[in-house]
Each structure stands twice: as structure tokens, then as C-alpha cells.
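Comments concern the structure below.
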Amino acid sequence: EHGPYILDTKTGTLRYNDFSWNQYSNVLYIESPGNVGFSRVNKTNHAINDTQVAAMNMRALEEFMTRVHPRYVNRDFFITGESYAGTYIPYLTVAILTGLENGTFTNANFKGIAMGNAAMDGFSRTIAPLLQLWSMGSIPQK
């Protein structure tokens, strides 16, 4: 849904995505937390909580913008995500804002965040959907 090509389900071939994000912006994907999806972590450098994940993601952003691709260091950027991003994006945002305040993060062009279908806490992931189903009459009162 984000890339320059999409799978045409009728033909089984790739076709150009006229609405891809790369026509209007640059997109950096960071798999978070580490050791999910295709990423692998060194056992000695494995984050065990969301604060550590945020620190590692901030370091990855800083490295990307200053060392790997310095042409992006002064570009505006947003942090976006879905699902568990509702937890890790706020942590990363706090880390970035703190880094901007104390001078440890160099890109002052952080513009904001966007989260889709955000899982922000245990209540919103477990109890809230049940309450919604109950209010719609899908779950009996007793």
C-alpha cells in the first residue's frame, strides 16, 4: 500500500502504484521493536522495554540523518505507524523532544505524529472492544 508497485490480484503481476507515498515524500521504515518481522537483534543489545526501544529508534534516526544519509538532516519529518505504534510512537516522541531540548538530537524539523488503529494500552486493546460490542447488543448483559 505504500510502495511504488502493487500486486494486481487479477493478473498476479506487479503494476505501478499511482498513489504511492514515494511520489510525494521519502519514507524510512524502522521495524520496531527489534526482533520482530525480518529484523534480528544481538542478544547483548536487545531492548527489554519501550523506553529502551525509543532510545534505540532515536539513535537509528540520528544515524540515518547524519551519517548514512546526511541530505535528510534538515528535512521535515513525521513519525507514523499503526497498531503497537500507539505505544512506541509516544515513547519515541518524548525521546526526540527531550533530545531537541538538551541538544542530543540534531534534526529540529520534527513536525508531528500520526497513528492508525493505535494500541495505546491494555484497556484499549482488550476491554474497550468488548464494551463496544456490548453497547451494540452483540454481547448479552449477563
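None of the figures in this text is laboratory data; all of them are computed from the coordinates on show. Keep in mind that what you see is a predicted model, and the values were worked out from it rather than measured. Cβ coordinates were reconstructed from backbone atoms using ideal geometry, including for glycine residues, and neighbour counts include every protein chain displayed.
Observations, loosely collected:
- Stretching residue 138 away from residue 114 to a fully extended chain increases their span by 5.6 nm, per 0.36 nm per residue minus the current alpha-carbon distance.
- Among [x] 120; [y] 221; [z] 200, the entry that matches volume of the Cα convex hull per residue in Å³ as calculated here: [z]
- Available extension along the chain between residue 25 and residue 102 is 24.9 nm, counting 0.36 nm per residue and deducting the alpha carbon span.
- Computed FRET value (nearest 0.05) for residue 49 with residue 128, which takes r as the C-beta separation and R₀ as 25 Å: 0.60
- Amide H contacts under 5 Å for residue 82: 116, restricted to partners 5 or more places along the chain or on a different chain, H placed in the peptide plane at 1.01 Å from N.
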